[in-house]
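Engineer: Once you've had a glance at the structure underneath, I'll fire off some questions.
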Amino acid sequence: MTFKVVHLISGLGQGGAETVLTRLVTHSNQQNIVVSFGDEGVYGATLKAAGVSVYTLGMQSGKLRWQDLKRLIALLKRLEPDVIQTWMYHADFFGGIAARLAGFKHIAWGIRNSGDSLKNSSKTSYYLARLSAFCSRFIPQRIIVCGEKAAKIHTSWGYQADKMVVIQNGYDLRQWQANPTAGAALRQAWRLTENTPLLGFVARWNPLKDHPSLIKAFALTKKSYPDAVLALIGKGLETSNSELMALLSQQNLQVDRDVLLLGLRTDVPMIMSALDIHVLSSIAEGFPNVVCESMACQVPNVVTDVGDAALIVGNNGWIAQPANPDDLADKLNQALALLGKPHQTRQHYQQFDELRQKARQSVLERFSLETMVQKYEHTWESMIEGHL
């Protein structure tokens, strides 16, 4: 059965939901069309190159005028989709309303946030989510949630539990795999030896990622492992970020000597291959892509217990309490002790290499891209056939 799916999203900038959307539509056998409320962002060109039609509405961020809603309704009527899939709270709510007003009923919402600390990080998103909980009774036919914890929290807010289906993210393991040669080249470029313990965190500068706690924890870890280096990768992780530089200064951490500020990069799979350990210090996540991506590259993780991070890591990493630098530092110390660098023995190497292999195998068995695509397509098909 083939059908047309229109995806509504507030924008196509760098982010987890945007990444999963791109991954999904470029590997789906259905006719997928993407409508961005904003512009083409980071992923528009990639989508078009893969043959996916992309429409942009040029709406102002965080604002939706009546004329914008009318334009969206008119576009949906013109596209005549079989299913409308929305992504994240703004598109769920406003896109869902537009879809209903346009006369469509096969609407699937997409919840991409666990809900943890949402009120503290974005009051607008929090109140929109709570309003959407009420509207979930009559707008969506199905609510696709990215993780088990997200499903529980949103159900407690009043989202219709009988409409929910959990579809965890899937990954193309041909893209995400260890590349020792590339990793060694990057270490050389950064003037690090193969024996330098290298930690890394791939995430944009955002309160939810809690870089301050990570920096404090790393400063504590440096007392036991003075040779360790921390790489911070993502938008806003540059020397021009005065707030970040002040945090590093407060902890007596120097750029290039102790911390690498790499900013936004397009070679993240290669960077993963240079790391010994990946760290997730977030205070809120849904289903954190970066944990699976690093594990697929055979990099063990130290994560905070947010969203489905602990579920992903399982017994193949270390789990710390969120917003707790002392506990995070303790878990970093445990990870580095197993790593054994810079004085790595054969026993250290064998134990850590076994952990690396298990990390990738875990992603391969549980979070394949093929499984994710099949689950989305099955959900859409069931909606059309009236099985849901």
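Read-outs: derived from the displayed coordinates by stated rules, not from any lab. As the structure is a computational prediction, the values presented were derived from the model and not from experiment. For neighbour counting, all protein chains shown are included, and Cβ atoms are generated from backbone atoms with ideal geometry for every residue, glycine included.
Engineer: Cross-link partners among aspartates and glutamates for K119, C-alpha distance below 15 Å, same-chain residues fewer than 8 apart left out?
Structural biologist: Cross-link targets: E285.
Engineer: Where the centroid of each part is defined by its Cα atoms, how far is the range 217-274 from the range 276-304 in Å?
Structural biologist: Using only Cα atoms to place each centre, the spacing works out to 16 Å.
Engineer: Could you pull out every residue, at least 5 positions away or on a different chain, whose amide H is within less than 5 Å of the one on N179? Hs are placed 1.01 Å off N in the peptide plane, and Pro or chain starts have none.
Structural biologist: Placed amide hydrogens put S273 under 5 Å from N179.
Engineer: Do any trypsin sites (Lys or Arg not before Pro) in the range 228-323 lie in a DSSP loop with no more than 11 other beta carbon atoms within 10 Å, and if so, which?
Structural biologist: Numbers: sites: K235, R257, R265; in loops: K235, R257, R265.
Sparse-neighbourhood loop trypsin sites (Lys or Arg not before Pro): R257.
Engineer: Let me ask something additional. Can you give the local net charge around F134? Use residues other than it whose beta-carbon is closer than 15 angstrom to its beta-carbon, Lys and Arg +1, Asp and Glu -1. All intermediate terms of the calculation are to be shown ahead of the outcome.
Structural biologist: Values: positive: R100, R130, R137, K163; negative: D92.
That sum, taken over residues with Cβ under 15 Å, equals +3.
Engineer: Multiply the residue gap between S240 and D256 by 0.36 nm, knock off their C-alpha separation, and tell me the result in nm, one decimal place. All intermediate terms of the calculation are to be shown ahead of the outcome.
Structural biologist: Values: separation 16, 0.36 × 16 = 5.76 nm, distance 1.44 nm.
Working it through step by step, the gained length comes to 4.3 nm.
Engineer: For the chain, set up a Gaussian network in which alpha carbons nearer than 10 Å are linked by springs, and say which option among M372, M245, M88 fluctuates the most.
Structural biologist: M245
Engineer: Does the range 194-235 classify as rounded, prolate or oblate by the C-alpha gyration tensor (a ≥ b ≥ c root eigenvalues; a/c under 1.5 gives rounded; else a/b over b/c gives prolate, otherwise oblate)? Show your work: numbers first, answer last.
Structural biologist: On the way: a/c = 4.41, a/b = 1.56, b/c = 2.83.
Judged from the Cα gyration tensor, the range 194-235 comes out oblate (a/c at least 1.5, b/c at or above a/b).
Engineer: Please identify the trypsin sites (Lys or Arg not before Pro) of the range 116-190 that satisfy two criteria: DSSP loop assignment and at most 12 other Cβ atoms within 10 Å. Which are they? Intermediate values should be presented prior to the final figure.
Structural biologist: On the way: sites: K119, K123, R130, R137, R142, K149, K152, K163, R174, R187; in loops: R137, R174.
Answer in residue order: R137, R174.
Engineer: Kindly point out which whole DSSP H helices in the chain project their C-alpha atoms 15 angstrom or further along the helix axis while averaging a Kyte-Doolittle hydropathy of -1.0 or above.
Structural biologist: Sorted by number, the helices that extend far enough and score high enough are 66-79, 123-135, 211-224, 325-339, 369-385.
Engineer: If contacts are Cα pairs under 8 angstrom and at least 6 residues apart, what is the relative contact order of the range 180-366 in percent?
Structural biologist: 24 percent
Engineer: Could you work out the relative contact order of the chain, using alpha carbon pairs under 8 angstrom and six or more residues apart, expressed as a whole percent?
Structural biologist: Numbers: 731 pairs, mean separation 60.4, N = 388.
This gives 16 percent for the chain.
Engineer: Checking the table K70/K123; K77/K123; K123/K223 against a 30 Å threshold on Cα-Cα, which pairs fail? Before the final figure, lay out the partial values.
Structural biologist: Numbers: K70/K123 26 Å; K77/K123 32 Å; K123/K223 38 Å.
Pairs exceeding the cut-off: K77/K123; K123/K223.
Engineer: Check the straight Cα-Cα distances from K235 and name the lysines below 16 Å, setting aside those fewer than 8 residues away within the same chain.
Structural biologist: Reachable lysines: K209.
Engineer: Cross-link candidates for K152: which lysines have Cα within less than 16 Å, leaving aside residues fewer than 8 places away along the same chain?
Structural biologist: Here the lysines satisfying the reach criterion relative to K152 are K163.
Engineer: Averaging over every viewing direction, what projected area does the convex hull of the Cα atoms of the range 59-199 cover, in nm²? Show your work: numbers first, answer last.
Structural biologist: Values: hull surface 50.2 nm².
Averaging across all directions leaves 12.6 nm² for the Cα convex hull.
Engineer: Provide, as a two-decimal number, the C-alpha radius of gyration of the range 149-273 over 2.2 N^0.38 Å, N being how many residues it has.
Structural biologist: 1.32
Engineer: Then there is this: Provide the three semi-axes, in whole Å and in decreasing order, of the ellipsoid equivalent to the range 180-366 as defined by the square roots of 5 times the Cα gyration tensor eigenvalues.
Structural biologist: Details: eigenvalues 96, 74, 54 Å².
Those come to 22, 19, 16 Å.
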